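Contents: one structure, followed by commentary.
No lab work stands behind these numbers, since they all come straight from the coordinates. Note that the structure is a prediction, hence the values are computed from the model and not measured. Here the Cβ positions follow ideal geometry from the backbone for every residue, glycine too, while neighbour counts run over all protein chains shown.
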Amino acid sequence: MNKDAERRILLQRVFYKDRDLYKIGKFAGIAWFNKFEAKFERDIYAYFADEERREAVEKITLEVSDEKFIDAFNKVFKEEPRYIEIDRFIGEHYYFDVNTGLRLENRQENLKKEIRSALEETGKRGFYFLKAIIELYKEGKWDKAYGGATWADILAKIRELGGEYPAARDVALLKSYKIYYKTGSRRYPTHTIPEEIIPLVEKVLNEMAV
């Protein structure tokens with residue numbers, strides 16, 4: 001996954017408020033954000049129009065160096081406490097967790113070892129659980145609002161693949177390794193593998209195919 005794709009995921013995952021994107025753009029010195037200064041400084045409820053928000057993300061993604069992106073990202077992140085559903089990011093270029101912030105680092109080799117350990121502990125049940133979530137992602141069947149797949153869709157996909165259903169312990173173990181996250185809401189729960197690690201998880205699954 002290239003840096004641009006990783007930046008887009010990071011911005012979407014960590015920053016929900018348009019004001020945060022505005023601040024990142026200003027801290028990063030992107031001139032485009034200057035035209036919104038009066039709007040955001042005057043009104044605490046200010047927000048971007050849909051097209052402006054998309055352009056803000058693209059400006060931050062494409063127009064600043066790693067140093068400026070990371071510095072602005074961390075400054076805004078540290079301004080207030082935040083609840084982040086998926087609390088870390090392990091890409092090929094960037095690493096983030098809620099305790100240390102964002103930095104330029106590839107930790108995927110360590111992650112690969114964690115994935116293998118998790119699969120060794122959960123066996124076929126963990127294998128088919130992760131494979132089902134990834135297959136649903138590739139088929140465009142993740143929930144449009146919350147991301148991730150529903151439990152019913154996962155079980156149906158496991159049946160289709162001829163696999164075994166996961167036990168509660170398997171799901172808890174995968175969650176402890178932070179390979180899998182329960183997302184969505186109480187009423188509409190979903191089950192997610194962080195997007196940036198899907199290619200690596202799939203690679204390990206193929207290597208350990210049962």
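Which far-off residues, 5 or more places away or on another chain, put their amide H under 5 Å from the one on Tyr94, with H placed in the peptide plane?
Those qualifying (amide H under 5 Å, at least 5 residues apart or on another chain) are Glu105.
For Asn2 and Lys68, calculate 0.36 nm times their separation in residues minus their Cα-Cα distance, and state this gained length in nm to one decimal. If you can, show how the numbers build up before the last one.
Numbers: separation 66, 0.36 × 66 = 23.76 nm, distance 1.76 nm.
Residue separation times 0.36 nm, minus the Cα-Cα distance, leaves 22.0 nm.
Does anyone have the angle between helix 151-161 and the longest principal axis of the chain? Alpha-carbon axes, 0 to 90°, nearest 10?
50 degrees
How many lysine pairs are close in the stretch 13-88, with Cα atoms under 13 Å apart and the two 8 or more places apart or on different chains?
Here the count comes out as 11.
Once amide H atoms are placed 1.01 Å from N in the peptide plane, what residues at a sequence separation of 5 or more from Gly148, or on another chain, have their amide H within under 5 Å of its amide H?
For Gly148, the qualifying residues are Asp143.
Considering amide H positions built from the backbone, and no H for Pro or chain starts, which residues 5 or more places from Thr190, or on another chain, come under 5 Å of its amide H?
Amide H to amide H, under 5 Å and 5 or more residues apart or across chains, Thr190 pairs with Thr183, Gly184, Ser185.
From the phi angles alone, apply the Karplus equation (6.51, -1.76, 1.60; θ = phi - 60°) to the stretch 123-138 and give each ³J(HN,Hα) in whole Hz, x where the residue is Gly or Pro.
x, 4, 5, x, 4, 6, 5, 5, 4, 5, 4, 5, 4, 5, 4, 5
Of the labelled options (1) 1.12; (2) 1.31; (3) 0.99, which one gives Cα Rg over 2.2 N^0.38 Å as computed for this structure?
(1)
Rank Asp50, Asp153, Asp87 by mean-square fluctuation in a GNM of the chain with C-alpha springs under 10 angstrom and give only the top-ranked residue.
Taking springs between Cα atoms under 10 Å, the residue moving most is Asp50.
Grab the Cα-Cα distance for Asn34 and Asp97, subtract it from 0.36 nm times how many residues apart they are, and report the gain in nm with one decimal.
On the way: separation 63, 0.36 × 63 = 22.68 nm, distance 2.98 nm.
Extra length from Asn34 to Asp97 when fully extended: 19.7 nm.
May I ask you to order 166-173, 140-147 by the average number of other C-beta atoms within 10 Å around their residues, highest value first? Provide the component values of the computation, followed by the final result.
Details: 166-173: 16.4, 140-147: 13.9.
The densest-packed peptide leads the list: 166-173, 140-147.
Ranked from highest to lowest mean number of other Cβ atoms within 10 Å per residue, what is the order of the peptides 124-132, 182-190?
Numbers: 124-132: 22.7, 182-190: 13.0.
Those peptides, ordered most packed to least, come out 124-132, 182-190.
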